[in-house]
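The values are calculated or read from the model by the stated rules, or taken from the named source; none is laboratory data. Keep in mind it's a predicted model, so treat the numbers as computed, not measured. Neighbour counts run over all protein chains shown; Cβ positions are idealised from the backbone, glycine included. The accessibility values were calculated without ligands, DNA or RNA, using every heavy atom of the protein model including side chains. Shrake-Rupley method; radii C 1.70, N 1.55, O 1.52, S 1.80 Å.
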Amino acid sequence: MRLTSHVARFLAGCLGLAFALSSLAGTDAYQTIPGVSPQPEQTSVGPQDPAELEAFIDGVMTAQMRAQQAVGGMVVIVKDGAILLAKGYGDADRENGRAVDPYTTLFRPGSVGKLFTWTALMQLVEQGKVSLDADVNSYLTQFSVPDTYPGQPVTVRNLMTHSAGFEDGSVGYLILDSDARLLDPVEALIRYMPQRVRAPAGGDFNNGDMASYSNWGTELAGLIIANVSGLSYNDYIEQNIFQPLGMASSTFRQPVPDRLKEHLASGYNNKGGRLKPQPYEFVMFPAAGSLSATGEDIAKFMIAHAQNGAYQGNRILSDAGARLMHGRALSPNPHLNGAALGFYENHVNGRRLLVHAGNTTQFQTEFNLLIDEGVGLLFSVNSESIFSFSARKELLNAFMDRYYPATLPAVQPPDDFAERAADYAGSYRFNRHSYSTIEKAFSMLSSGISVTPTPHNTLRISGVGGPLAKEWVEVAPDTFRRVDDDPIIAFSRDEQGQVAYLLNIGSLPSMQAYRIPSAENPQLHWLLWAAASLGFVVAVISLLRNWGRDKRQGGLARLARISAGLMGVLQLSFLVLFGLSIVALTNQPLGPYPELLTWGLTLSLIAIGLTVLSAGFVPVAWYQRWWSGYERCQYSLIVVLAVAFLWSLHTWNLMGYKLP
């Protein structure tokens, strides 16, 4: 009976994997650019001597920890199926003098935990219980993903490549400081369901324009795992990944089980110029980022993937299943990093890495796997607000330059680039933001990514930190390499041939950016808000200055001035409350939206009626010649600015209560 059961499971797995392979969307392979792409040294064998490796990593980490003011960190490096280096730096708990130990200290690696979700989902694909190209709704019983684009359903493959076309959100609910507001996974998925704002990648996975990183999509995958397996998400991960790999010090449960609490690292943020320990972070979407684990445990998972699913006689994936998962599944451009099924690609010094980063408000983690070399590097710190994006990449780059060096060809801009440089100029915004809730307004706080031609026949890209704030040289049609390094970005064009998207920002295939429409240019709206604010102030002053005269004269002219003045008071109050709410959210990123914001939105709603009333008085004022000509012009301009201000509020979802 047991043999029959094993044979049945084996056959089901073969059929499931065969179906997945037969339905694999054709994607363009990664292509180097002769004379542009780095030329790796073929004699490189990677790190060999643990003592030499430790001395090198010590030098890099000591400098980085000091420069970035990190409290604690760890580095784990694996090679050929074993840990070559595992070392802690600084404190896991500074207040109690507990040092970081990668074998016992639990860090919170954030979105690196998604790799466990994707691996679990891939197990079900192998078993024939889930199809990569099936509509996700076929695995859901509690609710359905809306059919926003008829005939273009969201598929499992879309979830795994972040190409479903979802909007994104997080403020006020994704990470919490207590479990009081933590919802059941199904309830959380329903309450915070994003709108579908772009058609998903379908038969053509060589288009990455719609790619946008989605925590909600990963949590949806966690629900599919639970529905299909009949186990809770936590039980499934523990039984099918943690136990086979011997990951006894890892959990997605919140808070961590009592046996692990004393080993959990504290997370630190910069408060008032000092690093202070913060409360335990509760993650609303556990499958997307609630993992707590030691460096040693994550190393076991890393080794299993480096060995195509195998670890010390156990398997979490078949060889074929692991290769399918590691293959290029989304190719936004042949010369750019693509997405695998769950992992995303990075190319450094001419070598392919499968990577994933993870951030909470307190921890930062980088998971890097040189899949062809069987080498992995894990890096994590417990000081989120201090450690910069560029510094996080410096450890990997230093490691690669030392153990896998390459020659970087010099590149020169084409002589005729100036003729088309203007095609790319403009401002771009990440696909990944909210489109339907008040969180869209936070996009106005950033001017976006600015692309500007330079006198050197290159492009200057600014507005984001790290590797983008440099000059870029055209090396292929719509494709650019950084002048002094190997990252490559590209632009894509719409059906009219106009540049519409900026791709591979920060070397991430799931972080594309679209050209900002003129009507959503932040500078335009800030200018409008400034002008409207001045108009509101003038309306209030005009009401007060003319109060006595208007009272004596009476009539509709007095009502018109009162209407405009009250409108000014309400909108100025809204602006003050909105500003205070932004400050409150900055100081308390784990808290809910402040009540001040609701009050401000209420005042602005009342002001709509007063704006309409004031607008209705404009033609009457001119027809009946109220006041002086100057005063009528002033009143008309105030009303025009007030109406334009309402349009701006509508643009940024600040009209009404569009809270998540």
Helices (runs of 4 or more DSSP H) wholly inside region 190-291 containing at least 1 residues that are touching a strand residue (DSSP E or B) at 6+ places or on another chain (Cβ under 8 Å), buried (at least 21 other Cβ atoms within 10 Å of the Cβ) and modelled with pLDDT of 95 or more: 215-229, 286-289
Odd one out for Trp472, checked against (1) touching a residue at least 24 places away in the same chain (Cβ under 8 Å); (2) under 19 Å from Phe417 (Cα atoms): (1)
Cβ pairs under 7 Å, 6+ apart, first in region 529-541 and at negative phi, second at pLDDT 95 or above and of a type in the set (S, T, N, Q): Trp529/Ser648; Phe536/Gln571; Val538/Gln634
Positions within region 286-316 being polar (S, T, N, Q) and under 16 Å from Asp80 (Cβ atoms), in sequence order: Gln307, Asn308, Gln312
Conditions (1) buried (at least 23 other Cβ atoms within 10 Å of the Cβ); (2) free of Cβ contacts under 8 Å to residues at least 60 places away in the same chain; number of the one not met by Ala55: (1)
Residue list for region 557-596, filter: of a type in the set (Phe, Trp, Tyr) and open to solvent by less than 20 Å² (accessible area, probe 1.4 Å): Phe574, Phe578
Any pair with Cβ under 6 angstrom, 6 or more apart, that starts in region 277-305 at a residue that is under 24 Å from Ser232 (Cβ atoms) and ends at one that is in a strand (DSSP E or B) and among the small types (Gly, Ala, Ser): Ala293/Ser250; Asp297/Ser250
Residue that is part of a loop (DSSP other than H, G, I, E, B), open to solvent by 20 Å² or more (accessible area, probe 1.4 Å), out of contact with any strand residue (DSSP E or B) (no Cβ under 6 Å at 6 or more places or on another chain) and not basic (Lys, Arg), where the choices are Trp622, Trp626, Trp599: Trp626
Residue selected from region 453-466 under the condition surrounded by 16 or more Cβ atoms within 10 Å (Cβ to Cβ) and β-branched (Val, Ile, Thr), by the criterion modelled with the lowest pLDDT: Val464
Single residue of region 553-605 satisfying the filter (touching a Lys or Arg at 6+ places or on another chain (Cβ under 9 Å) and modelled with pLDDT under 90) that is farthest from Met284 (Cα to Cα): Asn587
Test result for Asp58, assigned to a strand (DSSP E or B) and either under 20 Å from Met400 (Cα atoms) or not polar (S, T, N, Q) (or both): no
Condition broken by Gln42, with the remaining ones in (1) assigned to a helix (DSSP H, G or I); (2) out of contact with any strand residue (DSSP E or B) (no Cβ under 7 Å at 6 or more places or on another chain); (3) modelled with pLDDT under 90 satisfied: (1)
Matching entry among Tyr30, Tyr103, Tyr89 (being aromatic (Phe, Trp, Tyr) and either modelled with pLDDT under 95 or open to solvent by less than 10 Å² (accessible area, probe 1.4 Å) (or both)): Tyr30
Residue match in region 304-326 (condition: within 30 Å of Thr586 (Cα to Cα) and small (Gly, Ala, Ser)): no
Matching residues in region 180-189 - criterion: being open to solvent by less than 20 Å² (accessible area, probe 1.4 Å) and either at pLDDT below 95 or small (Gly, Ala, Ser) (or both): Ala188
Breaking point among (1) buried (at least 20 other Cβ atoms within 10 Å of the Cβ); (2) of a type in the set (Asp, Glu); (3) over 25 Å from Arg328 (Cβ atoms), for Asp168: (3)
Top-ranked residue in region 417-445 [being of a type in the set (Gly, Ala, Ser) and surrounded by 15 or more Cβ atoms within 10 Å (Cβ to Cβ); ranked as farthest from the chain's Cα centre (by Cα)]: Ala421
Options Ala120, Ala134, Ala86, Ala67; residue that is touching a residue at least 40 places away in the same chain (Cβ under 8 Å) and over 28 Å from Gln254 (Cβ atoms): Ala67
